[in-house]
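Here the structure is laid out as structure tokens; the discussion comes afterwards.
The values are calculated or read from the model by the stated rules, or taken from the named source; none is laboratory data. Nothing here was measured: the structure is a model prediction, and the numbers come from that model. Glycine also receives a Cβ, built like all others from the backbone with ideal geometry; neighbour counts cover every protein chain displayed.
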Amino acid sequence: MTPSRDENQATPPAPPRLCPRPVQRPAVDPAAARVFGRPPGVEGGFAVPAGAPADPRLRAAPPPPEALAAAFSRPSGTREVLQRPPGAIRPDAEPEGDLWAADTDPWRDPGAAAVLGAPAVPEPSPAATGEPPAGARLSLREVLFGRRLQPSALALFGTAVLLVGAAGGLMGRWTAEGGGPLTDPDVTLVQVEPAVDRPAGSVADVADRVLPAVVSIEIRTGDQGGFGSGVVIDGAGFVLTNNHVVSPAAGNPDATLETVFADGTRVPAWIVGRDPKTDLAVLKVEVANPTVAQLGRSGTLEPGDGVIAIGSPLGLTSTVTTGIVSALDRPVRLQGDGTDTNAVIDAIQTDAAINPGNSGGALVNSSGAVVGINTAIRTLGGGEGGGSIGLGFAIPIDDARAIAEELIRSGRVRHPDLGVNAASVTDGTSDGARVQNVQQGSAAAEAGIVEGDVIVRVGERGVATADELEVAVREFEIGAPVPVALVRDNRPLTVTVTLKSD
């Protein structure tokens, strides 16, 4: 048999196999080897073999906590590791969810982060921690009366409480004294002698001299009463006041009239005489050596002169107010409610505060002389029902002196009279008093004055209103011939009138 070609052909040699490249191991730094290398005689991990001496260069880790060891250490009597290959799982075990899925790597990624939480174990009991359980608490009654404490302990406790209380009280007092600088019980203020400077002519000097001569007047009629002021004008006990002050007591036997002096002395008073047309009256009191006011001259006053009002406004005795003379020769009509006063006065106007109760009091100048008798005020509401607004009026003492002397001599006063009734008029260019009617047999009728005449002047004084006509006539004596200028049918005319008595 001829051998086949394949049999005669030699087997080609196998190709050479590549061996793994030798692992390059770089040289180890001696310093790193001393820190991270295995200790001498140790081949495996860093665990020190049993019986081997401990290397002083290494710091052994402390033993793990008991809770961690119980949770993560190997069971007792086994050397099985925690990570096992998949083949070690029992064939009959059920797969747990997707843990062993085909596309899942069964081994944990060494680069994954691991977080160690607190162990899921209950809090240690007091017995395990070595802390004794809390005992029962004692009440105050058991402490004091239950004989649970020794008497010496109670005494010591009470002493400590007393000492703490005393220390707290002292500390509180010191704190209060030091923290309350607004009060000081031991303070004494230094007082010096006052340097009083009241020169002659000052308000205080004038008031000191005039106040004893100004009295308060009180009137009682049944269950009603009133009050006003008065001025002592004579050493015999004569007091000058307003008629509207004493008018309610005139002719009433049940009325009582008293004067109260600055020192509080009360003295009964009697009416000597009254003059309703000038609103003046004179009283008489029985008092020994009264202080008498000095009477001045109102004719010397000028607007702007300083004046002082003294009286009992609203029943407040010995009240002093100051001001100036605001105007002179101011005609003011007075109509006292409940009185028979119906007068027109040629008043001194002042801004010194005057209120109800000032009526009859003194208006004095800077030298202390009486220059007027305070009589009326003008308010926004009218009359005397309101308060002072700086518009007060006083009867000039030159007029009041003559009236007072006549009342003291005879008890009544007679006034010059023209014998006409007039009303205030104006034509836009001039003012005057138009005669409404002429009394038969009067001075005006004898002089030829007729109804419709407009009187514009009496003597040297111009007349602009009916009230001004009345005060202008009163400046003359009874029986005196007086030139009267008037306008009749738009023509000026002057007649001479011989004044008669009212």
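Observations
- Looking across the stretch 213-248, the residues that are among the small types (Gly, Ala, Ser) and under 30 Å from Gly296 (Cα atoms) come down to Ala213, Ser216, Gly226, Gly228, Ser229, Gly230, Gly235, Ala236, Gly237, Ser247.
- Residue selected from the stretch 251-275 under the condition over 42 Å from the mean Cα position of the chain (by Cα) and outside any strand (DSSP E or B), by the criterion surrounded by the most Cβ atoms within 10 Å (Cβ to Cβ): Ala255
- A residue that is part of a loop (DSSP other than H, G, I, E, B), touching a residue at least 60 places away in the same chain (Cβ under 8 Å) and within 30 Å of Gly235 (Cβ to Cβ) cannot be found anywhere in the stretch 319-332.
- Flag if Ala352 is under 35 Å from the mean Cα position of the chain (by Cα), surrounded by 18 or more Cβ atoms within 10 Å (Cβ to Cβ) and not hydroxyl-bearing (Ser, Thr, Tyr): yes
- Residue that is assigned to a helix (DSSP H, G or I), crowded, with 20+ Cβ neighbours inside 10 Å and among the small types (Gly, Ala, Ser), where the choices are Ser247, Ser216: Ser247
Here is a yes/no grid of residues against (1) more than 15 Å from Val206 (Cβ to Cβ); (2) in contact with a helix residue (DSSP H, G or I) (Cβ under 8 Å, 6 or more places away or on another chain):
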residue: Glu286; (1), (2): yes, no
residue: Leu295; (1), (2): no, yes
residue: Ser298; (1), (2): yes, yes
residue: Pro303; (1), (2): yes, no
residue: Ile308; (1), (2): no, yes
residue: Pro313; (1), (2): yes, no
residue: Ser326; (1), (2): yes, no
residue: Arg330; (1), (2): yes, no
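- Whether a residue is touching a strand residue (DSSP E or B) at 6+ places or on another chain (Cβ under 8 Å), surrounded by 10 or more Cβ atoms within 10 Å (Cβ to Cβ), modelled with pLDDT under 90 and among the small types (Gly, Ala, Ser) was assessed, and Gly226 passes this test.
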